[in-house]
Amino acid sequence: MSHAQSPLHSGFGAASTAHDVVAGIDLSGKTAIVTGGYSGIGVETTRALLGAGARVIVPARDMTKAKANLDGLKVDLVAMDLADPASIDGFASTFLTSGDPLHLLINSAGIMACPLTRDARGYEMQFATNHLGHFQLTARLWVALKRAHGARVVSLSSLGHRYAQVDFDDWNFERREYDRWVAYGQSKTANALFALALDELGAPHGIHAYSVHPGRIITDLARHMSREELQRMGGVDDQGRPVADLSRGMKNTEQGAATSVWAATSPLLNDIGGVYCEDCDIAALMPDDEATVAGSGSLSSGVRRWATDPAAARKLWSLSEELTGVSLG
């Protein structure tokens, strides 16, 4: 756990794009895997990394959609479903067989505010996809990350982490009533805690991990929200078109991809890891008494203390190993 939540004043901000933050950085000879790299801000993340010279591999659950969205971009598309453990293992095994190092792993895929759904194991789908799937993928790729001698793992959290801590007594909503925003918040807190624990484990191998809030961007991620909900939070206009207005905290996809690309490539973070980032910088801690309404259009910045708790991070790591049957290789 190598750094406090203290902004670096990076020189970038909310208006910066993924191409802005990677300008002048040479990723030639580097290999990146971007989950969700064919949808929403993932496409812009993929585009920016390619532009800097990286080889980019995009695991895709929907190959038809991926081919259409990435048309004209020279990427390696490989089938994988984060909700299917066997699919994750197959993808990772194929990559490891190549013997290649993995320099950048950007865990960008996710789902948000869906009705109660469970995977084949009976696990609540937001926690299973957003956290456990990425946990398993990262663990399976551990050998390749170590080979890079300086890898970075970036996990997309969200300001939604403020909606809920990880409920270690009932993370699977077996005894409490399901709330789609609480479930989403729990999964996003898990993303931040995962980065915290991973950085501690990875530091001896030159591996750093980060979690990021990309900003408020209306993409296909919001498919489970009605137009009325999106209008109430200021996400779409009267015609249902996404709003991009920084004065209201709303970003476009190029700006939304910037913080994950910054965390993956910035020299300012060479000796720093385990932090939660937003607007292309390390986020400050939020006041403990500041309330956040689930599903609201909150404009405040910062990270909840519960998403930076080393003890909770280690507890989540142990739980994740138990639930997936996977540990670092």
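Each row is one residue, and each column tells you yes or no for (1) under 22 Å from THR117 (Cα atoms); (2) touching a strand residue (DSSP E or B) at 6+ places or on another chain (Cβ under 6 Å).
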| site | (1), (2) |
| --- | --- |
| ALA66 | no, yes |
| ASP71 | no, no |
| ASP76 | no, yes |
| LEU82 | yes, no |
| PRO85 | yes, no |
| PHE91 | no, yes |
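Does the stretch 38-47 contain at least one residue that is modelled with pLDDT of 95 or more, among the acidic types (Asp, Glu) and either surrounded by fewer than 23 Cβ atoms within 10 Å (Cβ to Cβ) or not in a loop (DSSP other than H, G, I, E, B) (or both)? Yes, the stretch 38-47 contains a residue that is modelled with pLDDT of 95 or more, among the acidic types (Asp, Glu) and either surrounded by fewer than 23 Cβ atoms within 10 Å (Cβ to Cβ) or not in a loop (DSSP other than H, G, I, E, B) (or both). When the stretch 171-186 is filtered for residues that are in contact (Cβ under 8 Å) with a residue 40 or more places away in the chain and more than 18 Å from the chain's Cα centre (by Cα), the ones remaining, listed by number, are TRP171, ASN172, PHE173, TYR178, ASP179, ARG180.
Name every residue in the stretch 26-58 that is over 19 Å from GLY256 (Cα atoms) and in contact (Cβ under 8 Å) with a residue 40 or more places away in the chain, in order of residue number. Selection gives LEU27, LYS30, THR31, ALA54. The set of residues in the stretch 14-25 that are outside any helix (DSSP H, G or I) and closer than 27 Å to GLU200 by Cα contains only ILE25. Report whether or not ALA203 is surrounded by fewer than 23 Cβ atoms within 10 Å (Cβ to Cβ) and among the hydrophobic types (A, V, I, L, M, F, W, C). Here the answer is yes, as ALA203 does meet what is asked. Put simply, of ALA83, ALA92 the only residue that is free of Cβ contacts under 8 Å to residues at least 60 places away in the same chain, surrounded by 16 or more Cβ atoms within 10 Å (Cβ to Cβ) and assigned to a loop (DSSP other than H, G, I, E, B) is ALA83. With the requirement that a residue be aliphatic (A, V, I, L, M) and over 13 Å from the mean Cα position of the chain (by Cα), what does the stretch 138-166 give you? Those that are aliphatic (A, V, I, L, M) and over 13 Å from the mean Cα position of the chain (by Cα): ALA139, LEU141, VAL143, ALA144, LEU145, ALA148, ALA151, ALA164, VAL166. The test for being farther than 14 Å from TYR123 by Cα, surrounded by fewer than 24 Cβ atoms within 10 Å (Cβ to Cβ), in contact with a helix residue (DSSP H, G or I) (Cβ under 9 Å, 6 or more places away or on another chain) and aromatic (Phe, Trp, Tyr) does not hold for TRP171. Under the condition of being under 22 Å from VAL303 (Cα atoms) and charged (D, E, K, R), which residue from the stretch 160-181 is modelled with the highest pLDDT? Per the stated criteria, the residue is ASP167. The condition (being in a helix (DSSP H, G or I), in contact with a helix residue (DSSP H, G or I) (Cβ under 9 Å, 6 or more places away or on another chain) and free of Cβ contacts under 8 Å to residues at least 60 places away in the same chain) is satisfied by just one residue among ALA197, ALA139, ALA192, ALA144: ALA144.
The values are calculated or read from the model by the stated rules, or taken from the named source; none is laboratory data. Bear in mind that the values here come from a model prediction, so they are computed numbers and not experimental data. Neighbour counts run over all protein chains shown; Cβ positions are idealised from the backbone, glycine included.
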